[in-house]
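Okay, structure first, notes after.
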Amino acid sequence: GWGGVTTTSKAPSKVRLAVAKDAAFNFYYADNLDLLRDLGAELIEWSPLIDRQLPPDVSGLYFGGGFPEVFAEILAANTSARQSVAAAIVSGMPTYAECGGLMYLCDRIVDFDDRSHAMVGIFPTTAVMGKRLILGYRQLTALQNSVLFNAGDRVWGHEFHRSTLTDLPPYPLCDLQGYESNLVFAAEGWSRYQVQAAYTHLHFGSHPNIGDRFLNCCRRFERLFASLK
């Protein structure tokens, strides 16, 4: 099951959260990072471009946006990093990925020169770069429970990308509506293992519970992993 687990501790332990931060992944709402720190996260930055594996002893993953298509050849060549991410996710580690992060977790990225590059392979779809820019503010309504959402939650965010996916999620995470109520978009968002991934950059401040929900998922994973040692 998903998170929503409340802690009985008055001072919950710090959650070590691996945040992908380099030239390929560099778009994050500073508010999101500040909010996670305030809720008890220790943010450990790492580079999917350079580092050979995830930081040690982390209990959750956060992949922001950026330009993975520009660095797709380097990301693909760093096989050990991709395998490290895949192994953590398959083990059940709670993971949130948006836009460029979603692309990294797909099977492949096809860049502007029509070259195909292997990615992490969590989602059975390929991100293909195109000329059309898709952008604008979005209101998401959660269609199911996930590591950040309870079904029915409404959260604001922003879309900005030139890629599209060859295959859409069979059970999308959320309905999308534009800033003006008459603008409606195709449902989007992927959920597999304990991953939540979508093109929309969420602003955590637009909903009171999603940051807590994510970190509580991470805490539960940490306790489960510790009990198996």
5 Å is the cut-off here: which amide hydrogens, built 1.01 Å from N in the peptide plane, fall below it relative to Ser163, excluding neighbours closer than 5 in sequence? Gly130
Modelled label-to-label distance, Arg37 and Ser116, 7 Å Cα→beta-carbon offset: nm? 4.3
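Viscosity 0.692 mPa s, temperature 37 °C: Stokes-Einstein D of the stretch 88-229 from its Kirkwood Cα radius, in µm² per second?
On the way: Rh = 15.8 Å.
This corresponds to a translational diffusion coefficient of 208 µm²/s.
Report the antiparallel proportion of the DSSP beta bridges in the stretch 94-229 as a percent, rounded to a multiple of 5. Display every interim value, and only then the final one.
Working: 27 of 35 bridges.
DSSP beta bridges in the stretch 94-229 are roughly 75 percent antiparallel.
If each residue of separation counts as 0.36 nm, what is the full-extension length gain between Ile44 and Ser91 once their alpha-carbon separation is subtracted?
Working: separation 47, 0.36 × 47 = 16.92 nm, distance 1.95 nm.
Stretched fully, the Ile44-Ser91 segment lengthens by 15.0 nm.
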Might you tell me the accessible area per residue for the stretch 4-154, computed with a 1.4 Å probe and given in Å²? 44
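Over the chain, what percent of the accessible surface lies on carbon and sulfur atoms, probe 1.4 Å? Kindly include the intermediate steps, with their values, before the conclusion.
Details: 5770 of 10750 Å².
Percent of accessible area from carbon and sulfur atoms in the chain: 54.
The values are calculated or read from the model by the stated rules, or taken from the named source; none is laboratory data. All figures in this text were calculated on a predicted structure; none of them were measured in a lab. Reconstructed Cβ throughout: ideal geometry from the backbone, glycine too, with neighbour counts over all protein chains shown. Heavy atoms of the whole protein, side chains included, go into the accessibility calculation; ligands, DNA and RNA do not. Shrake-Rupley method; radii C 1.70, N 1.55, O 1.52, S 1.80 Å.
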